[in-house]
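Asks: After the structure tokens below, expect a handful of questions from me.
The values are calculated or read from the model by the stated rules, or taken from the named source; none is laboratory data. Here the structure is a predicted model, which is why all the values come from computation and not from measurement. Quick reminder, even Gly has a Cβ in these numbers, built from the backbone with ideal geometry, and neighbours come from all protein chains shown. Note: areas computed on protein heavy atoms with side chains; ligands, DNA, RNA excluded. Shrake-Rupley method; radii C 1.70, N 1.55, O 1.52, S 1.80 Å.
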Amino acid sequence: MPEQRFRPREELLVFGAPLIEEPEIDEVVRTLRSGWIGSGPRVARFEADFAAYKSAPQALAVNSCTAALHLALIASGVGPGDEVITTPLTFCATVNAIIHTGATPVLADVDPRTMNIDPAAIASRLTPRTRAVVPVHFAGRPCDMDAIMTIARDNHLTVIEDCAHAIETEYRGRKAGTFGDFGCFSFYVTKHVVTGEGGMILASSPHDTARLKSLALHGMSADAWKRFSDEGYKHYQLVECGYKYNMTDLQAALGIHQLARIDRHHARRAQLWVAYDEALADLPVALPAPPEPDTRHALHLYTLLIDEARCGLARDSFLVEMAARNIGVGVHYLSLAEHPFYQRTFGWRPEEFPHATRIGRQTVSIPLSPRLSDADAQDVVAAVRDVLRPRCR
Ligand SMILES: Cc1ncc(COP(=O)(O)O)c(C=O)c1O
């Protein structure tokens with residue numbers, strides 16, 4: 001069938017634009033009027049709602065997933081002299097949190113199909129100093145948690161799941177973030193629950209949750225959270241030197257209502273996903289692999305792999321061409337071994353991680369926000385086809 005003539009959009013389709021609706025706007029206004037905008041009752045409600053959604057006993061809200069990862073590593077006792085294994089195909093926050101504890105990050109390459117850390121690569125990177133592993137459920141697809149938990153058990157490793165993409169993710173009937181000792185979530189603007197900035201930690205032990213709560217507020221005794229409550233002033237004690245990582249009620253006001261709609265938004269992204277799968281199937285690009293059986297994919301990123309040899313243009317030229325057609329796109333991620341700081345500090349070389357390096361040099365994420373209308377999705381498809389069609393004949 002002949003392709004229709006391409007007509008560019010008049011306005012930029014912003015990549016990852018959040019869908020903010022009236023209930024959270026009203027809740028933010030009520031929070032402002034209440035006079036309690038710091039950490040208070042709305043944070044407590046958001047934590048309870050999140051724990052219920054994840055079937056976890058407790059959850060602790062913090063001000064980012066980076067903070068959640070940092071605290072989880074500290075609560076695991078990770079520090080100088082330790083090694084922590086993670087994936088090269090992640091946001092720099094995952095590795096920076098490890099570095100901030102004084103430990104050394106060690107990368108293990110990904111499986112080229114799932115783009116998740118390969119358990120065999122983890123096994124090959126173990127040393128007597130390995131203390132923890134941080135699997136990242138990339139794009140919302142669960143990692144091979146059975147294999148990872150077996151390696152962790154056999155080698156006495158702490159498991160901290162980076163669930164920044166994976167609020168809705170499930171693996172063999174169990175929810176992401178509840179396999180390991182800690183699960184860390186992000187509510188950054190492009191994520192599936194948006195609070196501006198924000199994060200959440202699930203800990204498998206109540207003792208760890210109490211310690212995390214203290215660490216997130218300077219290291220004050222846990223009851224310090226109530227010190228400005230209407231029960232009257234309470235003295236607090238500083239029990240260790242912690243951080244300022246608490247979430248505010250203003251952020252939680254957004255999160256409560258975003259979380260209530262999370263499955264509706266997932267269903268909308270699932271429609272967009274199927275539409276992209278169908279409309280792009282005949283192009284010479286690799287589309288995301290189908291989800292594994294008995295899993296729930298959170299559908300966070302829809303990635304195309306632009307192989308210059310097959311497509312007739314390089315990935316970076318594709319990014320430019322999409323921007324010229326007013327379609328916002330993302331890159332998730334250049335392999336961490338491509339960055340000068342890590343190369344300088346740890347001697348990482350891209351060729352050590354061939355799968356992550358190839359994916360990082362070819363990948364493009366196209367818009368997948370639940371905010372997208374059918375017409376927006378058609379514009380994305382039309383732009384991708386318009387860029388690739390003349391070259392790949
Ligand atoms: C995989 C991954 N880990 C960690 C983070 C850090 O999250 P935050 O921005 O909430 O600190 C992100 C954020 O994009 C991420 O994508």
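Asks: When both residues are 6+ apart or on different chains and their Cβ atoms are under 8 Å apart, which pairs have a first residue that lies in region 300-313 and is free of Cβ contacts under 8 Å to residues at least 60 places away in the same chain, and a second that is in a loop (DSSP other than H, G, I, E, B)?
Replies: Taking only residues 6 or more apart or on different chains, the pairs are L305/V285; I306/V285; I306/L313; I306/A314; D307/P284; D307/V285; E308/A314.
Asks: Looking only at region 166-178, how many residues end up being open to solvent by less than 30 Å² (accessible area, probe 1.4 Å) and over 10 Å from the mean Cα position of the chain (by Cα)?
Replies: Of the residues in that region, 5 qualify.
Asks: Only one of V239, V189 is open to solvent by 20 Å² or more (accessible area, probe 1.4 Å) and within 13 Å of the ligand (Cβ to nearest atom). Can you tell me which? So that I can check it myself, show each step before the final result.
Replies: Numbers: V239 fails: within 13 Å of the ligand (Cβ to nearest atom).
The unique qualifying residue is V189.
Asks: Do we have G219 as more than 16 Å from the ligand (Cβ to nearest atom), modelled with pLDDT under 95 and on the phi > 0 side of the Ramachandran plot here? Spell out the reasoning first.
Replies: Details: more than 16 Å from the ligand (Cβ to nearest atom): yes; modelled with pLDDT under 95: no; on the phi > 0 side of the Ramachandran plot: yes.
No: the conditions fail for G219.
Asks: Out of region 17-36, which residues are over 30 Å from D376 (Cβ atoms) and either touching a Pro at 6+ places or on another chain (Cβ under 8 Å) or surrounded by fewer than 16 Cβ atoms within 10 Å (Cβ to Cβ) (or both)? Steps first, answer last, please.
Replies: In the first step, residues of region 17-36 are kept if they are over 30 Å from D376 (Cβ atoms); the result is 30-36.
Result: R30, L32, R33, S34, G35.
Asks: Which strands (runs of 3 or more DSSP E) does region 66-165 wholly contain that include 3 or more residues that are within 12 Å of the ligand (Cβ to nearest atom) and either within 16 Å of the chain's Cα centre (by Cα) or closer than 23 Å to T363 by Cβ (or both)? Walk me through it before giving the result.
Replies: Numbers: elements: 83-86, 104-107, 130-134, 158-162.
Where strands (runs of 3 or more DSSP E) fall fully within region 66-165 and carry at least 3 residues being within 12 Å of the ligand (Cβ to nearest atom) and either within 16 Å of the chain's Cα centre (by Cα) or closer than 23 Å to T363 by Cβ (or both), they are 158-162.
Asks: Can I ask one more? Among the residues of region 316-335, is any open to solvent by 40 Å² or more (accessible area, probe 1.4 Å), within 16 Å of the ligand (Cβ to nearest atom) and either of a type in the set (G, A, S) or under 12 Å from L107 (Cβ atoms) (or both)?
Replies: No: region 316-335 contains no residue that is open to solvent by 40 Å² or more (accessible area, probe 1.4 Å), within 16 Å of the ligand (Cβ to nearest atom) and either of a type in the set (G, A, S) or under 12 Å from L107 (Cβ atoms) (or both).
Asks: Please list, ordered by first then second residue, the pairs with beta carbon atoms under 9 Å, 6 or more apart or interchain, first in region 5-16 and open to solvent by 100 Å² or more (accessible area, probe 1.4 Å), second outside any strand (DSSP E or B) and among the polar types (S, T, N, Q).
Replies: Filtered contacts from region 5-16: E10/N326; E11/N326.
Asks: Also, I was wondering about something else. Within region 225-233, identify whether any single residue is assigned to a helix (DSSP H, G or I) and either within 22 Å of the chain's Cα centre (by Cα) or at pLDDT below 95 (or both), and answer yes or no. Don't jump to the end; show me each part of the working.
Replies: Just the residues of region 225-233 that are assigned to a helix (DSSP H, G or I), to begin with: 225-226.
Pick out the ones that are also either within 22 Å of the chain's Cα centre (by Cα) or at pLDDT below 95 (or both) and you get 225-226.
Checking region 225-233: at least one residue is assigned to a helix (DSSP H, G or I) and either within 22 Å of the chain's Cα centre (by Cα) or at pLDDT below 95 (or both).
Asks: Among the residues of region 143-161, which ones are under 14 Å from G183 (Cβ atoms) and open to solvent by 10 Å² or more (accessible area, probe 1.4 Å)?
Replies: M149, T158
Asks: Mind counting the residues in region 336-378 that are hydroxyl-bearing (S, T, Y) and under 13 Å from R315 (Cβ atoms)? Quick ask: steps written out before the conclusion?
Replies: So in region 336-378, the residues hydroxyl-bearing (S, T, Y) come out as 342, 345, 357, 363, 365, 369, 373.
Filter again for under 13 Å from R315 (Cβ atoms), leaving 357, 363, 365.
So the answer is 3.
Asks: Evaluate region 280-291: report whether one residue or more is surrounded by fewer than 19 Cβ atoms within 10 Å (Cβ to Cβ), within 27 Å of C163 (Cα to Cα), modelled with pLDDT of 95 or more and within 16 Å of the ligand (Cβ to nearest atom).
Replies: no
Asks: In region 242-272, what residues are crowded, with 19+ Cβ neighbours inside 10 Å and farther than 30 Å from A44 by Cα?
Replies: The answer is L272, and nothing else.
Asks: If you go through region 342-378, how many residues are open to solvent by less than 50 Å² (accessible area, probe 1.4 Å) and in a helix (DSSP H, G or I)?
Replies: Of the residues in that region, 9 qualify.
Asks: Can you find, within region 117-139, the residue that is surrounded by the most Cβ atoms within 10 Å (Cβ to Cβ) among those that are over 24 Å from V331 (Cα atoms) and of a type in the set (A, V, I, L, M, F, W, C)?
Replies: V133
Asks: In region 48-65, which residue that is part of a loop (DSSP other than H, G, I, E, B), touching a Gly at 6+ places or on another chain (Cβ under 7 Å) and not small (G, A, S) is surrounded by the most Cβ atoms within 10 Å (Cβ to Cβ)?
Replies: Going through region 48-65, the residues part of a loop (DSSP other than H, G, I, E, B) turn out to be 54-59, 63-64.
Subsequent filtering for residues that are touching a Gly at 6+ places or on another chain (Cβ under 7 Å) retains 54, 63-64.
Right, trim to not small (G, A, S) and you get 54, 63.
On the way: K54: 20, N63: 22.
It comes out as N63.
Asks: Any residue in region 314-336 that's aliphatic (A, V, I, L, M): show its pairings with residues that are assigned to a helix (DSSP H, G or I) and surrounded by fewer than 22 Cβ atoms within 10 Å (Cβ to Cβ) at Cβ separation under 7 Å, as long as the two are six or more apart or on different chains.
Replies: A314/E308; I327/D379; V329/L319; L336/C92; L336/Y342
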